[in-house]
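**Q** Submitted below is the structure of interest, expressed as structure tokens.
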Amino acid sequence: MRRLLLALSLLLLSALPAGAQFGPQGPPAVGVVVAERKPVTESAEFIGRIEAVNRVEIRARVTGFLQERLFQEGQEVREGEILFRIERAPFEAQLEQARAALASAQATLENARMALQRARELRASGAGTQAALDNALAQERTAAAQVLGAQAQLRVAEINLGYTEITAPIDGKIGRATLSVGNVVSPTLAEPLATIVSQDPMRVAFAVSTRAAIELRNRYEGRGGSAAMVVRVRLPDGRPYPHPGRIDFIDPQIERGTDTILIRALMPNPPRDGALAGTAGDRELIDGQFVSVLVEGVEPVQAIVIPRAAVLQDQGGTYVFVLGEGNRAERRGVRLGRGTAEQAVIEAGLEGGEQVIAEGLQRVRPGQPVNPAPAAAQPGATAGRQG
């Protein structure tokens, strides 16, 4: 019976992972991993907001009754497309009046020119006076000025008539109309008739602390600066946005109240697969949307990666235990880079190739002999992204 119980105990102990085995005698069993250099995609995460590159408020340029609305709210429109029509009849009448006024001014000018010619002939023959010639010259100049004024009024009337058709100044998606057909519109209205926001590309704007900005600059300064970075977005529902972007603006001033720097990146925003183009919700990025922003290196870098569970911290700083001579645990101070929840990136303290204790750390003391065995596979051990 004793032999049977002993055999069962040995079987149970052999089934436990290296970090969980222990015994009353001998060194504690630990699980170790090799500190390896692996390609790591450097990444830093921030909170950002999607912004349209162009935003235009549609307003009336003349006062009149709104006669037609020629779009569906929420649809995409093209530059030059007619959106609203204002009643044209009053402006057509003003145009005819301006044409008539110009014709009258031109007739007056022609008459003044003939009078000036006669005054010159009379003065040359001695039958006319200098005063009469001067008066005719003044009248001719006055008539010419009236013609210029009438031409300007005609041009104004033509422009105002053109303003009765309100067109889209940019490509983009148009929002709701604030007034319905039949209302009087004018340039003095507080609200615009509608707003158009451009759709592709979009911008993502995010604030970076001064410290994080310096870290990004130092990390990529020798590798091309912002050209060596790629910007990715995680949507509000947690899905990664498939189209990466590029930084196109870094504010030269620091926001004094928050000690942050504004950075903007251009992001493609094509229609979603299967979505009907020009309809609401056909594109993933929406103006004003909050997203998570990941700034990554274009090319992975080689870095030492170990399981996060192997990293310890106390008042003396961050450290790990490595196997030394005679399988003794040696404390090694390290400096961490940006890692993930499962993986730690070591910037200093390890050279690569060391055997790092990742399991059974609760029983390890500096200089203590241990009984090493390969550690169990760590979740995300093959991940190559540094966050």
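The values are calculated or read from the model by the stated rules, or taken from the named source; none is laboratory data. Since the model is a prediction, treat every value here as computed from it, not as a measurement. Methodologically, a virtual Cβ is constructed for each residue, glycine included, from the backbone with ideal geometry; neighbour enumeration extends over all protein chains shown.
**Q** If you take the residues of the stretch 30-61 that are surrounded by 13 or more Cβ atoms within 10 Å (Cβ to Cβ) and of a type in the set (Asp, Glu), which of them is nearest to Tyr220 (Cα to Cα)?
**A** Looking at residues that are surrounded by 13 or more Cβ atoms within 10 Å (Cβ to Cβ) and of a type in the set (Asp, Glu), I get Glu42.
**Q** Can you say whether Ser9 is of a type in the set (S, T, N, Q), surrounded by fewer than 17 Cβ atoms within 10 Å (Cβ to Cβ), out of contact with any helix residue (DSSP H, G or I) (no Cβ under 6 Å at 6 or more places or on another chain) and modelled with pLDDT under 90, as far as the supplied structure shows?
**A** Yes, satisfied.
**Q** Within the bounds of the stretch 144-154, is there any residue that is without any contact (Cβ under 8 Å) to a residue 40 or more places away in the chain and among the β-branched types (Val, Ile, Thr)?
**A** no
**Q** Looking at (1) at pLDDT 80 or above; (2) in contact with a Gly (Cβ under 6 Å, 6 or more places away or on another chain), which is the only condition Ala280 fails?
**A** (1)
**Q** Has the stretch 196-212 got any residue that is surrounded by 19 or more Cβ atoms within 10 Å (Cβ to Cβ), farther than 16 Å from Val62 by Cα, touching a residue at least 24 places away in the same chain (Cβ under 8 Å) and in contact with an Asp or Glu (Cβ under 6 Å, 6 or more places away or on another chain)?
**A** There is at least one residue in the stretch 196-212 that is surrounded by 19 or more Cβ atoms within 10 Å (Cβ to Cβ), farther than 16 Å from Val62 by Cα, touching a residue at least 24 places away in the same chain (Cβ under 8 Å) and in contact with an Asp or Glu (Cβ under 6 Å, 6 or more places away or on another chain).
**Q** Only one of these is in contact with a strand residue (DSSP E or B) (Cβ under 7 Å, 6 or more places away or on another chain) and exposed (fewer than 14 other Cβ atoms within 10 Å of the Cβ): Gly64, Gly80. Name it.
**A** Result of the check over Gly64, Gly80: Gly80.
**Q** For the stretch 93-127, what are the residues that are among the charged types (D, E, K, R) and in contact with a Ser or Thr (Cβ under 9 Å, 6 or more places away or on another chain)? Break it down stepwise before answering.
**A** Quick first cut of the stretch 93-127, residues among the charged types (D, E, K, R) only: 96, 99, 110, 113, 118, 120-121, 123.
The answer is Arg123, and nothing else.
**Q** Another question, if that's okay. In this structure, is Phe91 touching a residue at least 60 places away in the same chain (Cβ under 8 Å), touching a strand residue (DSSP E or B) at 6+ places or on another chain (Cβ under 9 Å) and part of a helix (DSSP H, G or I)?
**A** Here the answer is yes, as Phe91 does meet what is asked.
**Q** Kindly indicate the residue of the stretch 235-269 that is part of a strand (DSSP E or B) and of a type in the set (Val, Ile, Thr) and also surrounded by the fewest Cβ atoms within 10 Å (Cβ to Cβ) among those meeting that condition. Break it down into steps so the answer makes sense when it comes.
**A** Of the residues in the stretch 235-269, the ones part of a strand (DSSP E or B) are 240, 245-250, 255, 260-267.
Narrowing further to those that are of a type in the set (Val, Ile, Thr): 247, 250, 260-261, 263.
Details: Ile247: 18, Ile250: 16, Thr260: 19, Ile261: 20, Ile263: 24.
Among those that are part of a strand (DSSP E or B) and of a type in the set (Val, Ile, Thr), it is Ile250.
So that you can scan it fast, the table gives a plain yes or no per residue for (1) polar (S, T, N, Q); (2) at pLDDT 90 or above:
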site	(1), (2)
Val197	no, yes
Val208	no, no
Arg219	no, no
Gly222	no, no
Ser226	yes, no
Met229	no, no
Arg234	no, yes
Glu255	no, no
Arg264	no, yes
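**Q** Has the stretch 179-188 got at least one residue that is in contact (Cβ under 8 Å) with a residue 60 or more places away in the chain, hydroxyl-bearing (Ser, Thr, Tyr) and surrounded by 18 or more Cβ atoms within 10 Å (Cβ to Cβ)?
**A** So far as the stretch 179-188 goes, no, none of its residues is in contact (Cβ under 8 Å) with a residue 60 or more places away in the chain, hydroxyl-bearing (Ser, Thr, Tyr) and surrounded by 18 or more Cβ atoms within 10 Å (Cβ to Cβ).
**Q** Kindly check whether there is at least one residue in the stretch 60-73 that is touching a residue at least 24 places away in the same chain (Cβ under 8 Å) and within 30 Å of Gly245 (Cβ to Cβ).
**A** Within the stretch 60-73, one or more residues are touching a residue at least 24 places away in the same chain (Cβ under 8 Å) and within 30 Å of Gly245 (Cβ to Cβ).
**Q** Got at least one residue in the stretch 59-74 being touching a helix residue (DSSP H, G or I) at 6+ places or on another chain (Cβ under 8 Å), outside any loop (DSSP other than H, G, I, E, B) and modelled with pLDDT under 90?
**A** no
**Q** Exposed (fewer than 15 other Cβ atoms within 10 Å of the Cβ), of a type outside the set (Phe, Trp, Tyr) and part of a loop (DSSP other than H, G, I, E, B) - does that describe any residue in the stretch 140-158?
**A** no
**Q** Could you tell me whether Ala303 is under 15 Å from Pro28 (Cα atoms) and within 42 Å of the chain's Cα centre (by Cα)?
**A** Numbers: under 15 Å from Pro28 (Cα atoms): no; within 42 Å of the chain's Cα centre (by Cα): yes.
No, not satisfied.
**Q** Please enumerate the residues belonging to the stretch 181-221 that are in a strand (DSSP E or B) and over 18 Å from Glu255 (Cβ atoms). Before the answer, list the steps.
**A** As a first pass, look at the stretch 181-221 and keep what is in a strand (DSSP E or B): 184-185, 194-197, 202-209.
Once the filter is applied, which keeps residues that are in a strand (DSSP E or B) and over 18 Å from Glu255 (Cβ atoms), the stretch 181-221 yields Val184, Val185, Ala194, Thr195, Ile196, Val197, Met202.
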